[in-house]
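Everything on this sheet refers to the single structure shown next.
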Amino acid sequence: MRVLWRLQWERLDARGLGMKRFVQACGLALILTGCSTGVVPAGPQTYMISTTEVGLTNGGRAKAAAYQKADAWCRQRGLVMVPMTVDQHPARPFGRYGGAELKFKALKPGDPEISTIKVVERMDD
């Protein structure tokens, strides 16, 4: 293990990067990225997507990302994304990342159910 670490250090140092810069770049990459579960089935014509964002945030970017990904998923299939529930939770220091879960229906354009669904938004403390 020590030999491998030393080889990595020498390789990075030989390129002029230095280990400190490498660690800083990795940290920055983690802060700027988020994760998504992808769209998963949750019932008849009903789906869910969960997104997270790294850093001390209120989950707003994760919520926006969930809406964008769900809408893109529906558009690829010629459907309309109709949100049902959105749960948003802020990050907690040393506890969890900020995130959001979106439950939505994927309906055909013109479906009468589109206008009857009301969105329920919840935010954890």
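Laboratory data are not the source of any read-out in this text; all were calculated from the coordinates shown. Treat the numbers as computed from the prediction; the structure is a model and nothing was measured. In this analysis, Cβ positions are derived from the backbone assuming ideal geometry, glycine residues included, and neighbour counts consider all displayed protein chains.
Can you pull the Rg over Rh of segment 34-123, Cα-only, Kirkwood? Here the Rg-to-Rh quotient is 1.02.
Exposure proxy for LYS118, LYS69, LYS105: other Cβ atoms within 10 Å of each Cβ, ordered fewest to most, give LYS118, LYS69, LYS105.
Site pair ASN58 and GLN76 shows an inter-label distance of 3.1 nm when each label is modelled 7 Å from Cα along Cα→Cβ.
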